[in-house]
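Any read-out appearing in this document is the output of simple, stated calculations on the displayed coordinates, not a laboratory observation. The shown structure was predicted, so the numbers you read here are calculated from the model rather than taken from an experiment. Because the Cβ atoms are built from the backbone with ideal geometry, glycine has one as well, and the counts that use them run over all protein chains shown.
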Amino acid sequence: MSRHDPKGPGRWSPDARIEGSALHVPKTSEIIARWLRRELLRSRPSPGDALPSEVELRERFGVSRPTIREAVRILETQHLVRVARGASGGARFTLPEARMVSESTGIYLQAHGTTHAELNEARISLEPRLIGFLAGRLDDAAIDRLNAEIDRQAAALDDVAAFSRSHEDFYALLSEICPNRLIALELLTLRDLIQAQTELVGDTWVRNTPRSREGMARHVEVKREVVAHLQAGRAAEAEALWTRMLEAQQRLTTEIGVGDNLIEAL
């Protein structure tokens, strides 16, 4: 190209190449899967409703049976379709579950060597804001359910496994009553990650129960105070208390020597 070329070196041309990248031309099956996904999410069928038959899809798109089956398999991996075998089988619509997000997150974190200490740091940075969002947004029935779960956890101070299950259920309940679906998903993902790590270091927690029981009792009381702040709409106070609770958990994790352990997927 001449240095006097008016197009200049920054103009696109058909011969242009971007270093380290390549243009992805989708396969026919990917295009069909994308169309089906858009139609499913637009029309919102009920879980269990059948997709058009393989024959209908082949006629609609004018493609082969393997292409249609590959498109359906793509939707299966996206948890939007379940394929049943047999005479009454076929592809049926299904709603993705939050667990698929937490599983993928856990696998990613484990594959990249994430430690318990890193998980704790992330929770301290993120969780308080998620909890604070709920301040003033919960009705009396939701508050009553949270307090009932706290009572159940308070009754389990001498049973670390039951205490941990109740703690995980508290997150699930927060997710259930949260009016924002993205925040609800974050809370449920955290619940599943916490569950996996509790199972991993459970024996260590049990061995340290006498030293940690006081901290467990304080944990319950902090939750009661947090729920009171949520009921009263005091977001900043709820966030501050939740932060201190997580920091205490981080100190205990360090004290019992599991902070450098790698987290594991579900």
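Between Q110 and R224, 0.36 nm times their residue separation minus their Cα-Cα distance comes to what? Working shown, then result.
Details: separation 114, 0.36 × 114 = 41.04 nm, distance 3.32 nm.
Roughly 37.7 nm would be gained on extension.
Per residue, how much space in cubic angstrom lies within the convex hull of the C-alpha atoms of the stretch 18-132?
205 Å³
Mind giving me the nanometre distance, one decimal, between the label points for D159 and E54, set 7 Å out from Cα along Cα→Cβ?
5.0 nm
At 7 Å along the Cα-to-beta-carbon direction for both A84 and A141, put a label point, then send me their distance in nm to one decimal.
Calculated label separation equals 3.2 nm.
Summarise the long-distance tail of P(r) for the stretch 53-94 by giving the % of C-alpha pairs beyond 17 Å.
On the way: 256 of 861 pairs.
Every Cα pair in the stretch 53-94 considered, those over 17 Å come to 30 percent.
If you average the C-alpha positions of the stretch 95-145 and of the stretch 57-94 separately, how far apart do those two centres end up, in angstrom?
Between the Cα centres of the stretch 95-145 and the stretch 57-94 lies a distance of 33 Å.
I'd like the per residue volume of the convex hull spanned by the Cα atoms of the stretch 80-195, given in cubic angstrom.
Numbers: hull volume 19.0 nm³, N = 116.
In the stretch 80-195, the Cα convex hull volume per residue is 164 Å³.
Taking R0 as 45 Å, what FRET efficiency do you get between A217 and L95 from their Cβ-Cβ distance, rounded to the nearest 0.05? The partial results should precede the final answer.
Working: r = 39 Å, r/R0 = 0.88.
E between A217 and L95, to the nearest 0.05, is 0.70.
Once you have all Cα-Cα distances for the stretch 65-142, histogram them in 5 Å bins from zero and send the whole-percent values.
Per 5 Å bin, starting at zero, the Cα-Cα P(r) for the stretch 65-142 comes out as 3, 11, 12, 14, 12, 12, 12, 10, 8, 6, 1 percent.
Quick one: length gained pulling E30 to D151 fully straight, 0.36 nm per residue minus the C-alpha distance? Can you show the working numbers first?
Details: separation 121, 0.36 × 121 = 43.56 nm, distance 5.05 nm.
Full-extension gain reported as 38.5 nm.
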